[in-house]
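The values are calculated or read from the model by the stated rules, or taken from the named source; none is laboratory data. On a predicted model such as this, the values are computed, not experimentally measured, just so you know. When we count neighbours, we look across all protein chains shown, and the Cβ atoms used for this are built from the backbone with ideal geometry, even at glycine.
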Amino acid sequence: MAKITYITHDNQNHTIEVQNGLSVMEGAVQNDIPGIDADCGGGMACATCHVYVKEEWFDKISAKEDGEEDMLDMAFEPKKNSRLSCQIIVSDELDGLIVNIPSKQG
Amino acid sequence: MIKTDALIIGAGPTGLFTAHQLKLIGLECEIVDNLDKIGGQCIELYPDKPIYDIPAVPECTGEELTNNLINQLKPFDIKFHLNERVDEVKKDNDNWIVKTNNNTTFLTPNVIIAGGVGSFEPRKFPIKDCEKFENKSIFYSIRNKKIFENKTVTIFGGGDSALDWAVELSKNSKINLIHRREEFRAAQATVDKVYELVKEGKISLFTRYQMASIKGENTLESIDIKSDDKNVKTLKTDYALGFFGLIMQLGPIANWGLNIDKKTVEVDTEKFETNQKGIYAVGDICNYPGKLKLILSGFHEGALAARACFKLARPNEKYRFEFTTSSKTLKDRLGVKSD
């Protein structure tokens, strides 16, 4: 279990407890956090679950696998700290993780 | 106006198998899809990715699945309307009048929405000002490459479309190519060609840059691009092209008076009918308690929706359930010999 904070574009904080093993995307979708569309359902095929990971957390989460960077090319306003939230799997180590949701997903 | 027993919106796996079921039970149908090819998400998002949970198919790629479904439709004559998006669905007594953006009009008692997560549209530049230049100085696909001759064209993106067009247009235009990182995800031969053209001075390459703002009155004049470390460059340009792939938009479906929740359409689980009589939703776009977004669920939903269509298309006939293994009627429709 980890507390994850999602900050939406209008600066609203949503802190929820997400079960270990779920992705940060699933945590958002199951709790109706606005701004994460996840059109492809976690298949790393659409870039609509794009988030910005707070700098201090960026190095602590597992590195990008092949294909994620390619998908991020298509994301809306990608930055250095961009990730696809379907590829970040929640564990105790991620307790306190903060991610920012972009203003749009496409 | 085209008259048909059922119109299917979406040529993904669910739409294709639904067509199979409709034809098998003796109904006519046509299919509309906004993409230029058959296959939906399977072909657009993951043609090469293996799928492991299609019943009786241990492993196949999105492309193989699509090809198999197309093969399964071979006995039937089905008209596809590709590159067309359904914009309007209007009630006309017991029928629906359906209109596409290409002005194709259908009259049908049954409309089956097999639209996945909506229609695929090109991803656009995040800068708001770009809208006013769209289809004038800013494009997301190319219809007529002649307009770029002897002009400066600034291309954004790092995939095959961006690089292919950079190479092609560099023959007659001055090209700026902008990509957010050093690595490209295009075919290696194309990437090599681009570097060659950069060396020859035919393409100016800016990696680790993205669009920051644009300037121009009636036509585009220049673009500011910004690097990761906040370096800004101004590029004079006549045209800008963006190749960021496609995104799914629910689009006009939202205006047809259907109950929509989180981009999905509510249906019953007997006919997969929406709150509008004669409009059904199957596959990823439908929603009911327990819905699974799996291709196999779409097949089941389509099979049941097809039976529901029979009642409205042939109000004076009774639908008879038959097996393909034993029914002579079904075998005749499939064009196979009966025992």
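So how many residues does the range B:143-183 have that are under 20 Å from B:LYS233 (Cβ atoms), within 14 Å of another protein chain (Cβ to nearest Cβ) and crowded, with 20+ Cβ neighbours inside 10 Å?
Count: 9.
Let me spell it out: the conditions are (1) touching a Pro at 6+ places or on another chain (Cβ under 9 Å); (2) buried (at least 17 other Cβ atoms within 10 Å of the Cβ); (3) assigned to a loop (DSSP other than H, G, I, E, B), and A:GLY106 meets all of them except one. Which number is the exception?
Unmet for A:GLY106, out of (1) touching a Pro at 6+ places or on another chain (Cβ under 9 Å); (2) buried (at least 17 other Cβ atoms within 10 Å of the Cβ); (3) assigned to a loop (DSSP other than H, G, I, E, B): (1).
Looking only at the range A:44-58, filter to residues that are in contact with a helix residue (DSSP H, G or I) (Cβ under 8 Å, 6 or more places away or on another chain) and in a loop (DSSP other than H, G, I, E, B); which one of those is farthest from the other protein chains (Cβ to nearest Cβ)?
A:CYS49
Pick from B:LYS293, B:LYS277: which is charged (D, E, K, R) and over 28 Å from B:ARG123 (Cβ atoms)?
B:LYS277
Any idea how many residues of the range B:297-318 are part of a loop (DSSP other than H, G, I, E, B), surrounded by 14 or more Cβ atoms within 10 Å (Cβ to Cβ) and not charged (D, E, K, R)?
The qualifying residues number 0.
Looking at the range B:184-203, which of its residues are of a type in the set (Ser, Thr, Tyr) and either buried (at least 16 other Cβ atoms within 10 Å of the Cβ) or within 14 Å of another protein chain (Cβ to nearest Cβ) (or both)?
The one that is of a type in the set (Ser, Thr, Tyr) and either buried (at least 16 other Cβ atoms within 10 Å of the Cβ) or within 14 Å of another protein chain (Cβ to nearest Cβ) (or both): B:THR190.
Please find, among A:MET44, A:MET71, the residue that is crowded, with 21+ Cβ neighbours inside 10 Å and closer than 25 Å to B:PHE156 by Cβ.
A:MET71
Scan the range B:199-223 residue by residue and report those that are in contact with a helix residue (DSSP H, G or I) (Cβ under 6 Å, 6 or more places away or on another chain) and free of Cβ contacts under 8 Å to residues at least 60 places away in the same chain.
B:ILE203, B:LEU205
Rundown of residues vs (1) closer than 20 Å to A:GLY41 by Cβ; (2) part of a strand (DSSP E or B); (3) in the same structural domain as B:ILE279 (by TED's automatic domain parsing), yes/no style:
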| site | (1), (2), (3) |
| --- | --- |
| B:LEU27 | no, no, yes |
| B:ILE31 | no, yes, yes |
| B:ASP36 | no, no, yes |
| B:PRO47 | yes, no, yes |
| B:ASN68 | no, no, yes |
| B:PHE76 | no, no, yes |
| B:HIS81 | no, yes, yes |
| B:GLU88 | no, yes, yes |
| B:LYS99 | no, yes, yes |
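Between B:LEU163, B:LEU205, which is in contact with a strand residue (DSSP E or B) (Cβ under 8 Å, 6 or more places away or on another chain), in a strand (DSSP E or B) and assigned by TED's automatic domain parsing to the domain that holds B:LYS136?
Unique residue meeting the criteria: B:LEU205.
Mind checking which residues of the range B:215-243 are under 30 Å from the mean Cα position of the chain (by Cα), more than 20 Å from B:GLY158 (Cα to Cα) and assigned to a strand (DSSP E or B)?
Correct list: B:LEU220 only.
Among the residues of the range B:246-254, is there at least one that is in contact with a strand residue (DSSP E or B) (Cβ under 6 Å, 6 or more places away or on another chain) and over 21 Å from A:GLY41 (Cβ atoms)?
Within the range B:246-254 (the criterion being in contact with a strand residue (DSSP E or B) (Cβ under 6 Å, 6 or more places away or on another chain) and over 21 Å from A:GLY41 (Cβ atoms)), the answer is yes, since at least one residue qualifies.
Which residue, of A:ILE36, A:ILE61, is assigned to a loop (DSSP other than H, G, I, E, B), more than 11 Å from every other protein chain (Cβ to nearest Cβ) and surrounded by 22 or more Cβ atoms within 10 Å (Cβ to Cβ)?
Within the list A:ILE36, A:ILE61, the selection yields A:ILE36.
Kindly provide the set of residues from the range A:80-96 that are assigned to a loop (DSSP other than H, G, I, E, B) and either under 13 Å from the mean Cα position of the chain (by Cα) or surrounded by 22 or more Cβ atoms within 10 Å (Cβ to Cβ) (or both), ordered by number.
A:ASN81, A:ILE88, A:VAL90
Please state which of the following conditions B:GLY115 fails to meet, knowing it meets all the rest: (1) in a strand (DSSP E or B); (2) buried (at least 16 other Cβ atoms within 10 Å of the Cβ).
(1)
Starting from residues that are assigned to a loop (DSSP other than H, G, I, E, B) and within 14 Å of chain A (Cβ to nearest Cβ), keep the ones in the range B:118-142 and report whichever is modelled with the lowest pLDDT.
Residue satisfying both the conditions and the ranking: B:GLY118.
Kindly indicate the residue of the range B:244-269 that is away from every other protein chain (no Cβ under 14 Å) and in a loop (DSSP other than H, G, I, E, B) and also nearest to A:ASP32 (Cα to Cα) among those meeting that condition.
Ranking the qualifying residues of the range B:244-269, first place goes to B:ASN259.
With respect to A:ILE16, determine if the residue is in a strand (DSSP E or B) and among the hydrophobic types (A, V, I, L, M, F, W, C).
It is true that A:ILE16 is in a strand (DSSP E or B) and among the hydrophobic types (A, V, I, L, M, F, W, C).
Run B:THR325 past the list (1) β-branched (Val, Ile, Thr); (2) closer than 21 Å to B:THR14 by Cα; (3) surrounded by fewer than 19 Cβ atoms within 10 Å (Cβ to Cβ) and report the number of the one that doesn't hold.
The number of the failed condition is (2).
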